[in-house]
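Quick notes on the structure that follows.
The values are calculated or read from the model by the stated rules, or taken from the named source; none is laboratory data. This one's a predicted model, so the numbers in the text were calculated from it and none came from an experiment. Quick reminder, even Gly has a Cβ in these numbers, built from the backbone with ideal geometry, and neighbours come from all protein chains shown. All accessible areas refer to the heavy atoms of the entire protein, side chains included, with ligands and DNA or RNA removed. Shrake-Rupley method; radii C 1.70, N 1.55, O 1.52, S 1.80 Å.
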Amino acid sequence: EKEGYEHFTLKEIHEQPKGVKETFTRRLDKNSNIVLDGITITAEDLKNINKIYIVACGTAYHAGLVGRRAFETLAKIPVECDVASEFRYRDPFIDEHTLFIAVSQSGETLDTLQSLREAKRKGARVLSIVNVVGSSVSRESDDIFYTWAGPEIGVASTKAFTTQLTAFYLIALHFAKLSGSMNDERIKEVVDELKMMPEMIQSILDQSEKIQKLAARQFNNEKVFFMGRGLDADLALEGSLKLKEISYINSFSIAAGELKHGTIALIEDNTFVVALATQDKLYEKMVSNIKEVKARGAHVFAIAKAGKTVIEKSADEVFYIPETLDLLTPILAVIPLQMLAYYISSIRGNDVDKPRNLAKSVTVE
Ligand code: F6R
């Protein structure tokens with residue numbers, strides 16, 4: 001079943017071009033118009049929605065953070081994003097003008113399901129982004145977007161994440177069309193770029209040797225930092241989670257602008273820092289943050305867009321992702337992060353597919 005791959009996790013990392021493609025091609029008609037069969041929200045319904053809550057756990061929550069930025073940038077709708085175990089107990093303000101979006105690979109995560117029920121009780125409309133067809137979360141939702149990632153066996157979520165991002169981009173564009181916040185031409189530009197993602201992901205996977213070599217040099221660290229700004233700050237959370245859960249290395253993530261408010265005290269000689277610098281308007285700021293940690297002795301591995309080479313002067317190593325829209329970079333930049341976590345875990349001899357203390361589906365509180 002592993003089709004020649006050593007672990008399901010690696011197989012699933014490599015299935016992402018296909019998963020992402022499946023997820024969007026089923027939603028585009030022959031003229032590339034977005035058609036979302038499972039979502040019946042009309043332009044009139046959308047006028048009545050003044051707030052979106054995105055709620056999920058773990059990696060699905062990190063997808064939600066990217067989703068928040070997609071809705072805000074493309075559809076101009078205010079969004080809050082929260083982890084389900086917090087959302088449930090914080091008495092959030094929800095009414096019939098709220099759209100609640102649950103994100104879950106399994107569709108069985110208890111905190112996510114209970115949050116959904118709470119939101120429904122308060123009158124919200126419920127949309128879910130789920131991978132498992134017929135799961136509890138999907139059964140209790142008004143609107144459903146199925147990610148077509150296929151079964152995910154590795155405990156660490158990989159292809160579910162990139163298909164969840166694809167889902168958010170499509171839903172945000174669909175809402176932008178319904179509300180008129182973007183014209184057709186502009187929507188088409190983003191859709192055309194989205195259609196390039198499978199090929200671009202593949203081009204990153206084809207460079208896995210680079211990440212393998214990096215892992216061979218950095219597998220023995222006691223701590224690792226991930227930092228970024230904007231969408232890269234959201235993605236830093238995912239990079240850090242992926243690494244810690246399968247490698248058992250103590251990893252942290254930080255919005256790079258927060259460094260000097262405390263965390264920089266932890267940077268020592270040879271501390272390994274992964275710096276995400278994919279956002280054009282934040283690029284120079286990230287280069288400064290890299291210089292700050294370098295000055296304290298850090299070893300910096302940076303991820304930037306192709307062509308943005310100024311960073312080479314400050315980072316020790318740079319991995320380039322293909323040039324694309326800032327909003328879409330997380331779907332690409334997460335790939336080297338997943339590979340880094342995978343190879344470090346595998347070099348350390350860990351049970352990559354079944355990391356200690358973790359379950360694939362968390363159906364208890
Ligand atoms: C991390 C991971 C978990 C899940 C989380 C939510 O790699 O897999 O953080 O993302 O437990 O699970 P679902 O998406 O099934 O609700």
**Study point:** Linear extension gain, Leu358 paired with Ser203, 0.36 nm per residue minus alpha-carbon span
**Key:** 52.7 nm
Practice item. Once every Cα of the chain carries one equal point scatterer and solvent is ignored, give the base-10 log of I(q)/I(0) from the Debye formula at q = 0.07, 0.09 Å⁻¹, two decimals. Key: -0.28, -0.48
Study note, to complete from the structure: The set of residues whose placed amide H lies less than 5 Å from the amide H of His299, leaving out same-chain residues fewer than 5 positions away, is Asn270, Thr271, Phe272, Val273
Check your understanding: Roughly how many Å² is the accessible area per residue of the range 202-243, as a whole number, for a 1.4 Å probe?
Key -> 39
Exercise for review: On each of the three principal axes of the Cα atoms of the range 158-242, give max minus min coordinate, whole Å, ordered largest first.
Suggested key: 52, 25, 21
Practice item. Estimate the FRET efficiency between Asn250 and Asp95 by the formula 1/(1 + (r/R0)^6), using the beta-carbon distance for r and 41 Å for R0, to the nearest 0.05. Key: 0.45
Review point. If you take the beta carbon distance between Lys285 and Lys76 as r and set R0 to 41 Å, what does 1/(1 + (r/R0)^6) give as a FRET efficiency, to the nearest 0.05?
Key: 0.95
Exercise for review: May I ask for the angle, rounded to the nearest 10°, between helix 208-218 and the longest principal axis of the chain, with both axes built from Cα atoms and the value confined to 0 to 90°?
Suggested key: 60
Review point. Of Glu108, Glu72, Glu6, Glu317, which has the most accessible area with a 1.4 Å probe, and how do the rest follow in descending order?
Key: Glu6, Glu72, Glu108, Glu317
Check your understanding: Charges only on Cβ, +1 for Lys and Arg, -1 for Asp and Glu: so what's the dipole of the range 277-365 about the Cα centre, in debye to the nearest 20?
Key -> 200
Check your understanding: In the full protein assembly as shown, how much of Thr278 is accessible to a 1.4 Å probe, in Å² to the nearest 10?
Key -> 0
Review point. Just the Cα atoms of the range 126-178: what Rg and Dmax do they give in Å?
Key: 11.8, 37
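Compute the orientation-averaged projected area for the range 233-365 from the convex hull of its Cα atoms and round it to one decimal in nm².
About 9.3 nm², averaged over all directions.
Could you work out the local net charge near Met182, counting Lys and Arg as +1, Asp and Glu as -1, over the other residues with Cβ closer than 12 Å to its Cβ?
Numbers: positive: Lys76, Lys177, Arg186, Lys188; negative: Asp184, Glu185, Glu189.
With Lys, Arg at +1 and Asp, Glu at -1, the net is +1.
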Study note, to complete from the structure: Per the rule of 0.36 nm per residue minus the C-alpha distance, extending Asp316 to Glu268 adds in nm 15.7 nm
Exercise for review: Highest first, please rank the peptides 186-197, 347-358 by the mean number of other Cβ atoms sitting within 10 Å of their residues.
Suggested key: 186-197, 347-358
Check your understanding: Against the longest alpha carbon principal axis of the chain, how many degrees, from 0 to 90 and to the nearest 10, is the axis of helix 110-121 turned?
Key -> 30
Study note, to complete from the structure: The simple spin-label model distance between Asp45 and Glu86, using points 7 Å out along Cα→Cβ, in nm, is 2.9
Check your understanding: Counting Lys and Arg as +1 and Asp and Glu as -1, what is the net charge of the other residues whose Cβ lies under 15 Å from the Cβ of Thr271?
Key -> -1
Check your understanding: Net charge near Val35, counting Lys/Arg +1 and Asp/Glu -1 over other residues with Cβ under 12 Å of its Cβ?
Key -> +2
Study note, to complete from the structure: Taking Cα atoms, the helix 159-179 axis meets the longest principal axis of the chain at an angle in degrees (rounded to 10) of 50
